[in-house]
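K.L.:
The structure is given below, and queries will be raised subsequently.
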Amino acid sequence: MTEIEIGRGKRGRRAYAFDDIAVVPSRRTRDPEDVSVGWQIDAYHFDIPVIAAPMDSVMSPDSAIALGRLGGLPVLDLEGLWTRYEDPTPLLAEIATLDPALATARMQEIYSAQIQPELITERLRQVREAGVTAAGALSPQHTQQFWKTVVDAGVDLFVIRGTTVSAEHVSGRTEPLNLKRFIYELDVPVIVGGAASYTAALHLMRTGAAGVLVGFGGGAAHTTRRTLGIHAPMASAIADVAAARRDYLDESGGRYVHVIADGGMGDSGDIVKAVACGADAVMLGAALARATDAPGRGHHWGSEAHHPELPRGERVEVGALAPLEQILFGPGRTADGKSNLIGALRRAMATTGYSDLKEFQRVEVVVAPYQRS
């Protein structure tokens with residue numbers, strides 16, 4: 001890779017965001033109806049490659065059930081309001097109406113309530129009894145404390161999600177989570193991340209994870225780049241992790257680890273480019289928070305927005321655009337790529353002549369930077 005000289009004492013690799021690249025049509029086209037957008041992780045098949053981000057503005061038990069019935073994979077935030085309060089709906093309504101200048105401080109107060117293990121059990125039970133794949137997420141910090149509660153509740157897929165997750169966390173205060181031992185001893189598939197580099201992803205794959213989340217603080221509600229100075233342009237990050245998947249496939253003798261793009265996909269074109277760069281599925285936050293039936297009521301935030309010591313996110317207004325089904329399957333009423341996300345993916349695959357997601361990962365991509373209007 002060509003490095004650029006930043007100054008005499010520092011060089012850096014050029015990395016690309018979604019806005020820097022574009023997909024190129026091929027010699028063949030197809031009918032969109034002939035395209036398959038289904039995918040499978042472990043024993044679980046899904047009709048669409050959409051995973052809902054475990055964020056209170058995106059997923060409640062009811063919206064999780066709705067997304068599951070539409071063919072996606074919902075993931076509940078098991079550290080969110082639904083596991084801290086018996087009925088958090090008044091608090092969700094309050095967060096949506098907070099003055100922006102006061103939002104962070106008030107959210108820190110609201111989220112200071114303790115996580116209740118019995119509520120973790122109850123929320124996952126609601127989803128399972130509706131016949132939907134039950135997936136729940138914990139941060140690495142809370143995994144050791146609550147993992148047994150989650151597994152005993154009958155979770156189907158376990159997600160360990162943080163701004164960044166490494167296979168080797170060093171701590172002088174507490175015994176860190178041994179990911180490899182933890183995943184080996186667990187009876188359910190584990191998705192872990194985020195990772196944003198080839199090396200970090202390869203180490204996570206070696207822990208036995210079924211999937212790796214790719215991204216680092218790049219979502220609409222994150223301010224990680226401003227607060228920590230850390231950022232991972234998503235097109236390059238996905239391509240790097242996809243290369244790690246390819247090499248680990250050879251190293252392990254055929255074990256395939258799913259690459260899941262997580263963050264920075266605000267419209268349908270970004271989803272198309274994520275798959276083109278090597279993603280098997282995408283984890284969406286703001287794109288689903290725009291649903292009129294989303295719990296955020298037109299607002300979006302993540303766990304970083306209420307961190308008790310160093311908030312690295314904020315509550316943002318994304319608007320209430322359309323019901324969840326219309327966001328995913330249309331019909332679209334605007335030309336901005338924010339509705340009929342799956343229809344756009346199908347059409348992009350059909351226009352470039354590919355019949356399924358794995359094939360579409362081989363599509364030609366060019367570097368073609370542009371500024372959004």
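The values are calculated or read from the model by the stated rules, or taken from the named source; none is laboratory data. If you're wondering where the values come from, they're calculated on a predicted model, not measured in any experiment. When we count neighbours, we look across all protein chains shown, and the Cβ atoms used for this are built from the backbone with ideal geometry, even at glycine.
K.L.:
With respect to the numbered conditions (1) surrounded by 23 or more Cβ atoms within 10 Å (Cβ to Cβ); (2) modelled with pLDDT of 95 or more; (3) more than 21 Å from A196 (Cα to Cα); (4) under 19 Å from the mean Cα position of the chain (by Cα), which one is the sole condition not fulfilled by L357?
P.N.:
If we test L357 against (1) surrounded by 23 or more Cβ atoms within 10 Å (Cβ to Cβ); (2) modelled with pLDDT of 95 or more; (3) more than 21 Å from A196 (Cα to Cα); (4) under 19 Å from the mean Cα position of the chain (by Cα), just (1) comes out false.
K.L.:
Residues of the range 287-303 being part of a loop (DSSP other than H, G, I, E, B) and of a type in the set (A, V, I, L, M), which ones? First the steps, then the outcome.
P.N.:
Quick first cut of the range 287-303, residues part of a loop (DSSP other than H, G, I, E, B) only: 290, 292-298, 301-302.
Selection gives A294 alone.
K.L.:
Return the total of residues in the range 16-47 being more than 19 Å from G353 (Cβ to Cβ) and surrounded by fewer than 17 Cβ atoms within 10 Å (Cβ to Cβ). Lay out the reasoning, then the answer.
P.N.:
Taking the range 16-47 first, the residues more than 19 Å from G353 (Cβ to Cβ) are 16-20, 39-47.
So of that shortlist, the ones also surrounded by fewer than 17 Cβ atoms within 10 Å (Cβ to Cβ) come out as 40, 42-45, 47.
Number satisfying all stated conditions: 6.
K.L.:
Another question, if that's okay. Check D156 against each of (1) at pLDDT below 95; (2) more than 26 Å from H307 (Cβ to Cβ); (3) of a type in the set (D, E) and name the one condition it does not meet.
P.N.:
Against the list (1) at pLDDT below 95; (2) more than 26 Å from H307 (Cβ to Cβ); (3) of a type in the set (D, E), D156 comes up short only on (1).
K.L.:
Same structure, new question: Just wondering, is there one or more residues in the range 305-318 that are touching a residue at least 60 places away in the same chain (Cβ under 8 Å), surrounded by 21 or more Cβ atoms within 10 Å (Cβ to Cβ) and more than 28 Å from P90 (Cα to Cα)?
P.N.:
No, every residue in the range 305-318 fails to be touching a residue at least 60 places away in the same chain (Cβ under 8 Å), surrounded by 21 or more Cβ atoms within 10 Å (Cβ to Cβ) and more than 28 Å from P90 (Cα to Cα).
K.L.:
Checking V212 against (1) under 23 Å from A289 (Cβ atoms); (2) modelled with pLDDT of 95 or more: exactly one of these is not met. Which one?
P.N.:
Only one criterion in (1) under 23 Å from A289 (Cβ atoms); (2) modelled with pLDDT of 95 or more is unmet by V212, namely (1).
K.L.:
Next question, about the same structure. Are there any strands (runs of 3 or more DSSP E) wholly within the range 1-96 with 2 or more residues that are in contact (Cβ under 8 Å) with a residue 24 or more places away in the chain, and if so which? Step through it out loud before you land on a result.
P.N.:
Working: elements: 3-7, 10-13, 21-23, 39-41, 44-46, 50-52, 75-77.
Once the strands (runs of 3 or more DSSP E) in the range 1-96 are filtered for at least 2 residues that are in contact (Cβ under 8 Å) with a residue 24 or more places away in the chain, what remains is 21-23, 39-41, 44-46, 50-52, 75-77.
K.L.:
Since S112 meets every condition but one in (1) closer than 25 Å to L177 by Cβ; (2) hydroxyl-bearing (S, T, Y); (3) surrounded by 15 or more Cβ atoms within 10 Å (Cβ to Cβ), which condition does it not meet?
P.N.:
Going through (1) closer than 25 Å to L177 by Cβ; (2) hydroxyl-bearing (S, T, Y); (3) surrounded by 15 or more Cβ atoms within 10 Å (Cβ to Cβ) one by one, S112 breaks only (3).
K.L.:
Sticking with this structure for a sec: Can you give me the number of residues within the range 222-250 that are part of a helix (DSSP H, G or I), out of contact with any helix residue (DSSP H, G or I) (no Cβ under 8 Å at 6 or more places or on another chain) and in contact (Cβ under 8 Å) with a residue 24 or more places away in the chain?
P.N.:
Quick first cut of the range 222-250, residues part of a helix (DSSP H, G or I) only: 224-228, 234-250.
Subsequent filtering for residues that are out of contact with any helix residue (DSSP H, G or I) (no Cβ under 8 Å at 6 or more places or on another chain) retains 225-228, 236-237, 239, 242, 246, 249-250.
Checking which are in contact (Cβ under 8 Å) with a residue 24 or more places away in the chain leaves us with 227-228, 236-237, 239, 242.
Qualifying residue count, the range 222-250: 6.
K.L.:
If you take the residues of the range 262-286 that are within 11 Å of the chain's Cα centre (by Cα) and among the hydrophobic types (A, V, I, L, M, F, W, C), which of them is nearest to R372 (Cα to Cα)?
P.N.:
Taking the range 262-286 as the starting set, the residues that turn out to be within 11 Å of the chain's Cα centre (by Cα) are 262-265, 281-286.
Next, only the ones that are among the hydrophobic types (A, V, I, L, M, F, W, C) stay: 265, 281-284, 286.
Working: M265: 14, A281: 24, V282: 22, M283: 22, L284: 20, A286: 18 Å.
Among residues in the range 262-286 that are within 11 Å of the chain's Cα centre (by Cα) and among the hydrophobic types (A, V, I, L, M, F, W, C), the one nearest to R372 (Cα to Cα) is M265.
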